[in-house]
1. Give me the number: length gained by fully extending Lys470 to Leu270, i.e. 0.36 nm times residue separation minus the C-alpha to C-alpha distance, one decimal in nm.
2. In Å³ and rounded to a whole number, note down the convex hull volume per residue for the Cα atoms of the chain.
3. Projected area of the stretch 223-352, taken from the Cα convex hull and averaged over every viewing direction, in nm²?
4. Which three numbers, in whole Å and largest first, are the semi-axes of the equivalent ellipsoid of the stretch 313-369 derived from its Cα gyration tensor as √(5λ)?
5. So what is the calculated 222 nm ellipticity per residue for the chain, using -39500 (n - 2.57) for each DSSP H run with n of 4 or more, over all residues, to the nearest 500 deg cm²/dmol?
6. With a bin width of 5 angstrom, please list the P(r) values of the stretch 443-535 as percents of all Cα-Cα pairs, from the 0 bin to the one holding the largest distance.
7. Probe 1.4 Å, all protein chains in place: accessible area of Ser213 in Å², nearest 10?
8. Using 0.36 nm per residue of separation minus the Cα-Cα distance, give me the extension gain between Phe181 and Ser235 in nm, one decimal.
Amino acid sequence: MEKEAPKRVKVAWSDDLSHDSEEERERERLAQLERELAELPVKPVYPPEDLQKLVTFIVKMTTLYDLRDEDWNPDALKKIEDWILDPRSLMLCIYFKGEVLKASLDIPLSPVYDLMYFIRQPDYVFKVDTFHDDVVFGTFVESVESNMIQILESVYAPYFFAITTWPDSVKSEFCSQIHTFLAKLTDMYYKLLGLTVLYVPREGQQLSFEQASTDRELVKRLEGVVVYWTHQIKSCVEDHASVASQKELLCPSDELDFWIYRHENLNALLYQLQNPAVKHITKILVTTHSTFIHQFQALCEEIVQKIKEATSNIEFLQVIKQPCAVLECVVDPDKISDHIPHIINLFRFIWMESPYYNSEARITKLFKALSNQIIILCKNYIELDELFEGQTKKALGEFSKCIDCCKKYREIYDLMAEAHSEERPGSWELDTGSIFNYIDSFIQRCFDMLDVCNCMIIFGRIDELEEIQKPMFLGARGDIFEAKCEQIEKQFNEALSNVKTVGHTILDVQAPSWYDDILQFRTVIKDIETIIENLVESVFEGVNHVEEGVVALYSLYNYSKRHNLKRIFKRKTAEVWAKFSDIVQETKKDMVSTRGQYPSDLPSFAGRAVVLRMRKNQLVYLKKHNLDEKCGAGLNRTLMRRSTENVGLMECNMDVLVKVLIG
């Protein structure tokens with residue numbers, strides 16, 4: 001008989017087992033916590049003097065930019081004590097947050113310029129005697145490259161070099177790539193700082209040169225490093241170009257600064273070559289008769305000669321330091337020429353006396369630097385912002401001054417070159433085109449801006465010293481002509497706005513884009529001149545009297561100042577004079593044909609005299625006919641108005657002068 005399986009006990013909702021399971025889990029959690037607490041290391045207890053020593057160790061080991069003793073504050077020192085007393089805290093970070101020195105047990109969440117870190121083994125308790133051996137510390141700076149070099153060279157590379165389990169070919173290839181990477185990365189990082197720094201591998205430093213010489217793979221790797229050193233030293237020795245941006249104009253003072261920099265860089269390179277590690281590598285390659293060591297040693301000897309050259313050049317260039325500093329302070333371009341002869345004479349002295357700086361190429365470079373200095377002074381004098389704000393007459397004076405200054409510099413140079421050649425024929429053979437290339441370009445740009453200023457006055461009516469009225473015309477087509485003038489002004493303002501947009505390139509002689517910009521501006525101006533010529537022709541189509549011609553010329557007078565428009569205005573002026581001449585001739589004929597006629601209410605001779613006098617006055621009026629600024633206001637009136645004397649009637653409201661003009 002089969003035994004029945006026991007039936008499961010039905011559990012009511014009130015008898016749910018979840019309550020018991022929760023209690024059980026809580027008991028397990030508390031037990032685990034007790035076990036962890038039991039395993040935690042006991043916080044160390046230091047005598048006060050030992051704790052202070054450990055804190056002092058960290059303070060003295062901390063290296064941050066511009067860190068001073070007074071930067072240490074109680075909060076930072078307290079955080080250091082907390083880290084020492086808590087073996088569970090693995091990391092201590094010290095950094096500046098703004099101007100305040102901070103210490104933290106975590107990595108800062110906001111960017112910092114540099115950071116000092118200290119790391120301990122988990123649950124390790126420091127001792128005063130062994131603290132420096134037990135703590136791991138270092139610095140992170142803002143540069144990613146610097147941090148990468150430091151970690152790779154100090155931490156990872158030694159580990160890879162010490163590996164003995166890899167096949168020789170694999171290890172050799174891998175280590176060679178590490179050396180190449182570190183050499184190039186080191187070179188690139190310090191080159192951006194203007195320095196030449198050699199990467200010195202630590203591999204093989206623990207071996208004597210005899211032992212290292214027997215390791216072919218090691219020698220091959222060291223040869224690769226020396227080849228890269230040779231490339232670096234050669235680049236440094238042959239570098240005669242000043243360190244500057246492509247868009248930077250170098251001045252005479254920059255030439256002196258370059259040779260000072262070159263002298264320091266070469267001395268720093270020579271100091272690196274005295275490093276025992278470098279000498280050890282050199283000795284290894286000499287022992288193995290490496291083919292790469294001879295060029296390296298030759299370049300090392302050349303460095304000494306180049307340092308001597310740099311020292312001499314600094315001594316001679318010092319003579320121009322003070323005069324050029326005075327020149328840099330000149331504000332008015334009219335005063336620049338007062339300093340030029342003295343500086344050129346000093347250039348001649350360097351040329352004739354210096355044992356290393358006496359080449360034509362270097363003296364040409366000095367003159368180019370002087371040209372650049374003059375351009376910079378003129379650029380600083382010109383206020384383009386004020387020009388585009390409407391001070392056209394002031395800008396005209398500034399550009400004219402700068403043009404005269406540059407031309408005067410060229411005259412002084414030619415005069416002194418001629419005097420030098422008379423004393424020593426054929427000795428002044430400098431590249432004049434190169435010296436004055438930027439000067440000529442700057443003069444041309446000043447002339448370009450003179451044209452822009454004149455166009456602003458003529459076509460834009462922009463003049464800070466005089467209010468130029470809008471052109472106004474008589475007749476039925478007057479509104480059409482005025483609208484055309486407004487169109488001209490609008491078209492010009494758009495072209496001027498384009499020039500203002502590229503204002504930063506106007507006086508930049510190294511920016512060729514200006515030539516395209518000024519060409520576009522002149523194309524617009526040419527179109528405007530064509531429109532004005534057509535406008536003049538249209539206006540004079542309706543001119544039948546001398547008075548109308550004078551009014552037309554007066555309305556268009558501002559355009560007549562444009563050089564390219566003078567021809568048409570001279571022609572129209574001649575036409576007005578021709579009309580006046582015709583009136584004189586007609587009056588003359590009329591006087592002859594009617595000399596016997598006179599007013600009936602006057603005696604014969606007196607009547608004839610009165611008639612002649614009237615005709616004379618008419619001719620005199622026409623000859624002296626003039627329009628003032630009130631003429632335009634006279635046109636801005638309604639032709640008719642309600643009569644104030646005769647209520648309900650209309651009367652003429654025209655200006656008296658206009659009545660006379662239209663006859």
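The values are calculated or read from the model by the stated rules, or taken from the named source; none is laboratory data. On a predicted model such as this, the values are computed, not experimentally measured, just so you know. Here Cβ is always computed from backbone atoms with ideal geometry, including for glycine, and neighbour counts include all displayed protein chains. Accessible surface areas use protein heavy atoms only, side chains included; no ligands, DNA or RNA. Shrake-Rupley method; radii C 1.70, N 1.55, O 1.52, S 1.80 Å.
1. Length difference between fully extended and current span is 64.6 nm.
2. Cα-based convex hull of the chain, divided per residue, equals 503 Å³.
3. Average projection, Cα convex hull of the stretch 223-352: 10.2 nm².
4. Over the Cα atoms of the stretch 313-369, the semi-axes work out to 22, 11, 9 Å.
5. So the calculated ellipticity at 222 nm is -20500 deg cm²/dmol.
6. Pairs per bin, as whole percents: 3, 12, 22, 21, 17, 11, 7, 4, 2, 1, 0.
7. Estimated to the nearest 10 Å², Ser213 gives 30 Å².
8. Contour length minus the Cα-Cα distance gives 17.6 nm.
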